[in-house]
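The values are calculated or read from the model by the stated rules, or taken from the named source; none is laboratory data. If you're wondering where the values come from, they're calculated on a predicted model, not measured in any experiment. Neighbour counts run over all protein chains shown; Cβ positions are idealised from the backbone, glycine included. Ligands, DNA and RNA are stripped out before the accessible areas are found, and what is left, the full protein with its side chains, is counted by its heavy atoms. Shrake-Rupley method; radii C 1.70, N 1.55, O 1.52, S 1.80 Å.
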Amino acid sequence: MVLELKQKSEATSIYVPEIAAITKVEQMSPTEKLFDIKIDNPESQKAFDFLPGQFVELTVFGLGEAPFSIPSSPNNKDYFQLCIRDIGNVSGALHRMKPGDKIGIRGPFGKGYFPFEKMKGKDVMIVAGGLGLAPVMPLIHTILEDRENYKRLVIIYGSIDPENILFKEEIEDWKKRDDIELCLTVDNPDEAWQGEVGVCTNLIPGIDCSYDTYAVVCGPPVMYKFVVSEFEKKCIKPENIFLSLERRMECGVGKCNHCHVGNKLSCIDGPVFSLWEIRNLKEAI
Ligand SMILES: Cc1cc2nc3c(=O)[nH]c(=O)nc-3n(C[C@H](O)[C@H](O)[C@H](O)COP(=O)(O)OP(=O)(O)OC[C@H]3O[C@@H](n4cnc5c(N)ncnc54)[C@H](O)[C@@H]3O)c2cc1C
Ligand code: FES
């Protein structure tokens with residue numbers, strides 16, 4: 001009986017959102033806002049442990065649910081953040097919300113995450129495009145909070161234009177550090193722009209790296225094939241190349257079959273995969 005009850009409560013819990021409050025909203029770009037979120041139950045908030053690359057399912061009550069990556073540091077236990085583009089029903093409703101408004105949170109979900117432990121003692125190169133910076137932010141936080149245990153950190157970030165660059169405050173901090181090799185590029189520069197112009201892929205050939213560099217890519221789907229090809233030209237091992245593969249998700253927990261990447265499910269096997277894991281799945285990238 002006890003076992004039955006335990007199984008029931010465990011089975012129920014993955015589908016039942018925790019009530020949480022939006023505590024701060026910041027406009028990051030014309031289309032993205034950054035939300036600080038705190039789970040109402042203090043014990044649940046304290047126990048909210050996630051790994052870089054995991055995501056949550058966020059409910060706007062009466063409207064629906066959608067998956068979002070967690071860009072804040074896993075070491076921040078007081079609250080977590082979500083960077084959300086206003087693109088549809090749930091995200092549009094969120095963009096109209098204010099501090100104090102309540103939402104639902106399920107998760108964190110995803111088995112696959114960026115292997116920050118294995119990256120220790122190695123060079124790490126992160127290539128992100130547009131909103132793709134959000135899922136890799138916790139990896140960057142994790143490396144910077146333990147900086148002496150990693151070798152070089154290269155961050156290549158591309159955006160449509162300077163106005164749409166996300167996490168501008170963090171990027172300004174990175175510019176001041178001499179232990180980050182930061183390359184920023186935009187498609188459409190303005191007069192004040194001092195960085196590179198063009199797609200991120202163009203910058204990879206100029207980066208010095210070895211076969212055991214860890215390389216990460218996250219961005220719009222069109223970018224993966226080209227970035228991975230550049231990584232391969234650098235002879236980076238496929239087991240050291242990591243991709244965040246987002247699919248249209250519904251349940252987030254492996255039940256609805258909406259998020260197939262070949263014979264894998266992005267929500268429970270990913271959303272982060274190594275190139276080695278998906279090497280035979282033609283439709284993956
Ligand atoms: C693991 C993961 C992490 C993510 N992280 C983030 C993040 O950090 N920030 C962020 O902003 N987004 C993120 N997303 C994307 C986000 O979940 C989607 O954009 C989601 O659809 C937003 O929900 P919505 O209700 O606002 O939009 P929807 O109303 O679902 O519409 C979103 C877009 O999808 C189109 N669409 C609607 N239904 C379908 C359909 N059946 N098939 C194809 N297209 C359809 C719409 O026309 C619209 O352009 C992530 C997705 C995944 C899977
Ligand atoms: S989102 Fe339902 S199985 Fe992956």
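Miscellaneous remarks
- Residue in the stretch 41-48 that is surrounded by 14 or more Cβ atoms within 10 Å (Cβ to Cβ) and either under 16 Å from residue 141 (Cβ atoms) or assigned by TED's automatic domain parsing to the domain that holds residue 204 (or both) present: yes
- Residue list for the stretch 228-251, restricted to those being open to solvent by less than 50 Å² (accessible area, probe 1.4 Å), touching a helix residue (DSSP H, G or I) at 6+ places or on another chain (Cβ under 6 Å) and within 12 Å of ligand 2 (Cβ to nearest atom): 245, 249
- Residue within the stretch 195-203 that is at pLDDT 95 or above and either assigned to a strand (DSSP E or B) or within 16 Å of ligand 2 (Cβ to nearest atom) (or both) present: yes
- On the stretch given as the stretch 238-263, residues that are within 13 Å of ligand 1 (Cβ to nearest atom) and charged (D, E, K, R) total 4.
- Residues of the stretch 67-92 classified as within 9 Å of ligand 1 (Cβ to nearest atom) and either in contact with an Asp or Glu (Cβ under 7 Å, 6 or more places away or on another chain) or more than 18 Å from residue 39 (Cα to Cα) (or both), total: 11
- Residue check for residue 229: of a type in the set (Gly, Ala, Ser), assigned to a helix (DSSP H, G or I) and more than 16 Å from ligand 1 (Cβ to nearest atom): yes
- Test: residue in the stretch 75-84 that is surrounded by fewer than 21 Cβ atoms within 10 Å (Cβ to Cβ), touching a residue at least 60 places away in the same chain (Cβ under 8 Å) and either of a type in the set (A, V, I, L, M, F, W, C) or over 17 Å from residue 21 (Cα atoms) (or both): yes
- Residue, surrounded by the most Cβ atoms within 10 Å (Cβ to Cβ), within the stretch 152-181, restricted to residues that are under 20 Å from the mean Cα position of the chain (by Cα), in a helix (DSSP H, G or I) and free of Cβ contacts under 8 Å to residues at least 40 places away in the same chain: 174
- Odd one out for residue 103, checked against (1) loosely packed, with under 13 Cβ neighbours inside 10 Å; (2) aliphatic (A, V, I, L, M); (3) closer than 30 Å to residue 62 by Cα: (1)
- Some residue of the stretch 187-198 being surrounded by 18 or more Cβ atoms within 10 Å (Cβ to Cβ) and not assigned by TED's automatic domain parsing to the domain that holds residue 16: no
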